[in-house]
Every structure is written in C-alpha cells, then in structure tokens.
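The values are calculated or read from the model by the stated rules, or taken from the named source; none is laboratory data. Everything numeric in this text was worked out from a predicted model, so none of it was measured. Positions of Cβ are backbone-derived with ideal geometry, glycine not excepted, and every protein chain shown enters the neighbour counts. Accessible surface is based on the protein model in full, side chains and every heavy atom, while ligands, DNA and RNA are left aside. Shrake-Rupley method; radii C 1.70, N 1.55, O 1.52, S 1.80 Å.
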Amino acid sequence: MTVTLLDLPDGWCSLEFDPSDIPSLASAIRNRYGVPKQEEHPTYIRYWFGGCSFVYYNQWDDPCLISNSAEGTAILKIIHDALNSPAE
C-alpha cells in the first residue's frame with residue numbers, strides 16, 4: 001500500500017494513493033465516518049464525511065482525495081496514519 005499525504009499551498013492537503021488502495025481507503029472511511037455522501041461532477045466527485053467536504057480526482061490512474069478545510073485536513077491525516085499502520 002502506497003498512501004502519501006501532500007501539503008498544499010493553501011494549507012489543506014491531498015491524500016495520494018494507488019488505484020489498488022481504493023477498497024482499503026473506502027473501508028477506512030466507512031469504519032470511522034459511515035457511508036459518505038457523494039455528488040458526481042464531470043471531472044471529480046465531491047464527498048462529505050466526518051462533517052467535511054472532500055474532492056476526489058482520478059485522472060490517469062493517479063487518484064487523490066483533497067481536503068477543503070482544516071478539519072478535513074485533520075481527517076485525512078487520521079486516515080493516512082490508519083492506512084499506513086501495520087494493524088490495518
């Protein structure tokens with residue numbers, strides 16, 4: 001599993017992962033925050049979970065989930081740590 005967290009210039013972050021990590025990511029989100037609400041757009045999907053909004057892009061098999069707030073950044077850090085821990 002290759003999951004990284006990139007700091008963005010606006011202060012938020014982007015959770016970067018391989019397409020093969022999507023089932024583990026989805027499971028980590030559901031286990032902590034329930035089933036996310038989603039809204040599909042032509043080039044991205046907006047997800048809501050944990051009281052925050054996130055943007056999901058998957059272009060050229062290079063998916064990422066981007067936070068839109070400080071609270072969302074904290075949630076992505078929790079998910080990043082969980083996915084990179086040996087227990088999950």
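Selection of region 53-88 for residues being of a type in the set (A, V, I, L, M, F, W, C) and in contact with a strand residue (DSSP E or B) (Cβ under 7 Å, 6 or more places away or on another chain) yields F54, V55, C64, L65, I66, I75, L76, I79, L83. Might you check whether a residue that is surrounded by 12 or more Cβ atoms within 10 Å (Cβ to Cβ) and part of a strand (DSSP E or B) occurs anywhere in region 78-87? No, every residue in region 78-87 fails to be surrounded by 12 or more Cβ atoms within 10 Å (Cβ to Cβ) and part of a strand (DSSP E or B). Among the residues of region 9-16, none qualifies, meaning not one is over 20 Å from T73 (Cβ atoms) and aliphatic (A, V, I, L, M).
Residues that are at pLDDT 95 or above and not small (G, A, S) within region 64-77 comprise C64, L65, I66, E71, T73, I75, L76, K77, listed in sequence order. So is A74 open to solvent by 30 Å² or more (accessible area, probe 1.4 Å) and not in a loop (DSSP other than H, G, I, E, B) or not? Judged against the criteria, A74 is a match. Restricting region 1-38 to residues that are polar (S, T, N, Q) and part of a strand (DSSP E or B) leaves a set whose member that is farthest from P63 (Cα to Cα) is Q38. Within region 16-24, is even one residue touching a residue at least 24 places away in the same chain (Cβ under 8 Å) and small (G, A, S)? Yes, because at least one residue in region 16-24 is touching a residue at least 24 places away in the same chain (Cβ under 8 Å) and small (G, A, S).
For region 39-71, the set of residues classified as part of a loop (DSSP other than H, G, I, E, B) and surrounded by 13 or more Cβ atoms within 10 Å (Cβ to Cβ) consists of Y44, G50, N68, S69, listed by residue number.
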